[in-house]
Amino acid sequence: MIASFSNAQPLAGFMGGLLIGLSAAIMLLGIGQIAGISGILARSALLTQSRMPWTLATGFICALVVGAALFDQQFGPIEANFPPESAWLITGGLCVGFGTRLSNGCTSGHGVCGISRLSFRSIVATITFMLSGIITIATVNIFTGGW
Amino acid sequence: MLQLTITLVAGACFGAGLGLSGMMNPARVRGFLDIFGHWDPTLAFVMLGAISVMTLAWHIQRKRSKPLATNQFALPKTKQLDPALIGGATLFGVGWALAGLCPGPALASLGTQTKPAAIFVLAMLTGMALEELTKAIRRSDNPTNSSSTHQ
């Protein structure tokens, strides 16, 4: 393993993580809901009937977009290097959408809320999607050179 | 109204947190998964920050009978592992690595990197709809085995 940490931003990452955790804590202690983005999005898009009211799910998604845009405006621009070809985005999006609904959670629901709750399902899910991601990147790098 | 206010504050806080964390950069997320290449550990620090606050929040939650603005906690009850959890997480990992995006950062990027984020989000919603469709087909094939959804 050739590890080079020169591009890491541990402090900004940790501080951003605190804000994400605070958001999830507000959702849990304020309205009793898990801040799992895939579930909230599916609820807002009327793809599932969860216990979360539609107005709250939709309000959360809108506020998330606005919060990020305001941060970008005040402290940005936020650094962002997207894949150059839409094929990566479309294939990736389809897999993320189908996969997160099938496993009932993503990085926020399983990774943040579930692990901190010591949920066995969430710990297994997080290890699984991280390993799967690591194997996918390694495979893609070998066969296509990635992006 | 209090519920909506709380939710909007939480949503904005999540969006700002993603902006600060560097996780709205797909190349950085990809870098975390690229352990055999130019590894970028930033995502681990994001998880550490978020999980530490939420550990405290769960500690408080266990001592409370209900949330501040609603009558009960709506929490997942499923405990056992099942093939759907493993299969779904595996597929999610593949997509996460291919695009460098998971649902939160993808949505948050709609206002800052509108075109690529919108392409990803539309594909993601299509994937979600397809999953719901296969669930409905499985249910109609086997009406006694209706699985409930949990987050």
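The values are calculated or read from the model by the stated rules, or taken from the named source; none is laboratory data. The shown structure was predicted, so the numbers you read here are calculated from the model rather than taken from an experiment. Because the Cβ atoms are built from the backbone with ideal geometry, glycine has one as well, and the counts that use them run over all protein chains shown. Note: areas computed on protein heavy atoms with side chains; ligands, DNA, RNA excluded. Shrake-Rupley method; radii C 1.70, N 1.55, O 1.52, S 1.80 Å.
What to note about this one:
- Computed with a 1.4 Å probe over protein heavy atoms only, the accessible area of A:Leu70 comes to about 90 Å².
- Of all accessible heavy-atom area on the protein assembly as shown, the percent that carbon and sulfur account for (1.4 Å): 68 percent
- Residues along the range A:11-26 losing 20 Å² or more of accessible surface when the other protein chains are present rather than the chain by itself (probe 1.4 Å): A:Ala12, A:Gly13, A:Phe14, A:Gly16, A:Gly17, A:Leu18, A:Leu19, A:Ile20, A:Gly21, A:Ser23, A:Ala25, A:Ile26
- Estimated [θ] at 222 nm from DSSP helical runs (n ≥ 4, -39500 (n - 2.57)) normalised by residues in the protein assembly as shown, nearest 500: -21000 deg cm²/dmol
- Orientation-averaged projection of the range B:55-114 equals 7.0 nm² [convex hull of Cα atoms, one quarter of hull surface area].
- When you restrict to C-alpha pairs under 8 Å that are six or more residues apart and normalise by the size of chain A, the relative contact order lands at 23 percent.
- Buried solvent-accessible surface, both chains (B, A), 1.4 Å probe, Å² to nearest 100: 10200 Å²
- Spin-label proximity, B:Arg138 to the range A:113-147 - amide N less than 19 Å from point 7 Å beyond Cα toward beta carbon: A:121-122, A:124-126, A:128-129
- Equivalent ellipsoid, the range A:1-146 (semi-axes from 5 times Cα gyration tensor eigenvalues, Å): 26, 20, 18
- Local electrostatic count at B:Gln3 - Lys and Arg +1, Asp and Glu -1, tallied over other residues with Cβ under 15 Å: +3
- List A:Thr58, A:Thr100, ordered by accessible area with a 1.4 Å probe, largest first: A:Thr58, A:Thr100
- Per residue, the solvent-accessible area of the protein assembly as shown (1.4 Å probe, heavy atoms of protein chains only, all protein chains present) comes to 43 Å².
- Column: log10 I(q)/I(0), Debye, Cα scatterers of the range A:86-147, q = 0.19, 0.24, 0.27, 0.30 Å⁻¹: -0.76, -1.00, -1.10, -1.20
- Leading residue at positive end of dipole, the protein assembly as shown (Cβ point charges), from A:Gly67, A:Pro84, B:Met54: B:Met54
- Exposure ranking of B:Met47, B:Met54 by accessible area [1.4 Å probe, largest first]: B:Met47, B:Met54
- Calculated Rg and Dmax of the protein assembly as shown using C-alpha coordinates, Å: 17.8, 55
- With θ taken as phi - 60° and the Karplus curve 6.51 cos²θ - 1.76 cosθ + 1.60 applied, the whole-hertz 3J(HN,Hα) list for the range B:92-104 is 4, x, 4, x, 4, 6, 5, 9, x, 9, 10, x, x Hz, x standing for glycine and proline.
- Computed as a quarter of the hull surface, the mean projected area of the alpha carbon convex hull for the range B:1-109 stands at 8.8 nm².
- Exposed loop positions in chain B were taken to be trypsin sites (Lys or Arg not before Pro) whose DSSP state is not H, G, I, E or B and which have at most 13 other beta-carbon atoms within 10 angstrom. Between these positions, the longest stretch is B:80-151.
- Nearest 10 degrees, 0 to 90: helix A:54-75 Cα axis against chain A principal axis: 50 degrees
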